[in-house]
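What follows is a single structure, written as structure tokens, with notes after it.
The values are calculated or read from the model by the stated rules, or taken from the named source; none is laboratory data. Fair warning: this is a prediction, and the values are worked out from it, not measured in the lab. Cβ atoms come from the backbone with ideal geometry, glycine included; neighbour counts cover every protein chain shown. Just the protein is used for accessible areas: all its heavy atoms, side chains included, with ligands, DNA and RNA removed. Shrake-Rupley method; radii C 1.70, N 1.55, O 1.52, S 1.80 Å.
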Amino acid sequence: GHSEKVLFMRVFIVVLALIFSLQSWTKADDIRDFQIEGMSIGDSLLDYLSEEKISYEIKSTNTFVYINNKFVAIHFPGSQNSEIYDRVGVTFKPNDKKYIIHEIKGYLNFPNNLKDCLKKRDSIDSELSEIFKRAERTSDTIEHAFDKSGKSRQHSVWYTLDTGYVEVTCHDWSEKMTKENDFKDTLQVNIDSKEFEDFIENEAY
């Protein structure tokens with residue numbers, strides 16, 4: 001009887017261990033768990049726009065085409081019922097017939113209002129910390145690379161995952177940059193797939 005009990009306990013412990021490891025495995029942080037305007041990385045853009053609209057947008061002058069036509073980024077206004085974003089950008093491969101989404105950007109305007117921008121950034125940051133409990137979180141304030149005078153700042157938080165990353169940034173442009181380039185102070189939220197992140201780091205520029 002005793003050996004049967006021991007065997008049962010051993011099997012029971014192994015089964016428990018399996019259940020726990022499966023649970024933690026399924027709870028691994030996934031870039032798809034965060035959405036912008038209801039869109040996730042890995043979705044087909046065809047679920048949100050018609051093929052005609054996508055083709056039309058690819059030819060638009062506002063579209064950003066990356067090196068070798070590998071990826072394109074299109075922009076459109078946030079949906080009418082959107083409570084968050086004024087403008088949305090989506091990046092995908094133009095030659096991919098499914099138009100799988102590799103990057104989503106949400107923009108919210110905060111003209112000359114860094115205080116409220118940071119408040120909104122912090123509220124999104126706390127939402128992200130709930131979703132991505134295992135992700136590596138970093139934050140920094142740096143001079144904006146585009147402004148050689150060093151007077152523009154970007155205040156950023158990043159969540160780095162195996163499947164991609166999320167960045168939330170307040171862009172605080174200098175008065176000169178705003179006047180000369182019509183750059184507007186914005187909150188920008190980026191979600192990037194791992195594939196697109198690797199492309200940006202190794203090929204894009």
**Asked** Is it fair to say Glu201 is at pLDDT below 95, more than 21 Å from Ala73 (Cα to Cα) and either assigned to a helix (DSSP H, G or I) or open to solvent by less than 70 Å² (accessible area, probe 1.4 Å) (or both)?
**Response** no
**Asked** Taking region 141-179, which residues are hydrophobic (A, V, I, L, M, F, W, C), in contact (Cβ under 8 Å) with a residue 24 or more places away in the chain and not in a strand (DSSP E or B)?
**Response** Phe146, Trp173, Met177
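Restricting attention to region 146-163, does a residue exist that is surrounded by fewer than 15 Cβ atoms within 10 Å (Cβ to Cβ), over 17 Å from Ile36 (Cβ atoms) and of a type in the set (A, V, I, L, M, F, W, C)? Please lay out each step first, then the result.
Residues of region 146-163 surrounded by fewer than 15 Cβ atoms within 10 Å (Cβ to Cβ): 146, 148-151, 162.
With the extra rule that they be over 17 Å from Ile36 (Cβ atoms), the set shrinks to 146, 148-151, 162.
From the residues that got through so far, the ones that are of a type in the set (A, V, I, L, M, F, W, C) too are 146.
Yes: region 146-163 contains one or more residues that are surrounded by fewer than 15 Cβ atoms within 10 Å (Cβ to Cβ), over 17 Å from Ile36 (Cβ atoms) and of a type in the set (A, V, I, L, M, F, W, C).
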**Item:** Test for Asp185: is it open to solvent by less than 20 Å² (accessible area, probe 1.4 Å) and over 16 Å from the mean Cα position of the chain (by Cα)
**Value:** yes
**Message:** Take Asp192 and tell me if it is open to solvent by 50 Å² or more (accessible area, probe 1.4 Å) and either within 24 Å of Asp30 (Cα to Cα) or within 19 Å of the chain's Cα centre (by Cα) (or both).
**Reply:** no
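Is one or more of the residues making up region 73-85 among the hydrophobic types (A, V, I, L, M, F, W, C) and more than 30 Å from Lys151 (Cβ to Cβ)?
Within region 73-85 (the criterion being among the hydrophobic types (A, V, I, L, M, F, W, C) and more than 30 Å from Lys151 (Cβ to Cβ)), the answer is yes, since at least one residue qualifies.
For residues that are open to solvent by less than 20 Å² (accessible area, probe 1.4 Å) and not β-branched (Val, Ile, Thr), scanning just region 164-180, find the one that is nearest to Tyr107 (Cα to Cα). Give the derivation first.
Looking only at region 164-180, we keep the residues that are open to solvent by less than 20 Å² (accessible area, probe 1.4 Å), and these are 164, 166, 168-170, 174, 177.
Applying the additional criterion that residues be not β-branched (Val, Ile, Thr) yields 164, 170, 174, 177.
Values: Gly164: 19, Cys170: 10, Ser174: 18, Met177: 18 Å.
Only one residue tops the list, namely Cys170.
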**Message:** I need the full set of residues from region 2-48 which are open to solvent by less than 90 Å² (accessible area, probe 1.4 Å), at pLDDT below 65 and in a loop (DSSP other than H, G, I, E, B), in order please.
**Reply:** Ala28
**Message:** Regarding region 117-130, can at least one residue be identified that is of a type outside the set (Phe, Trp, Tyr) and within 30 Å of Glu52 (Cα to Cα)?
**Reply:** no
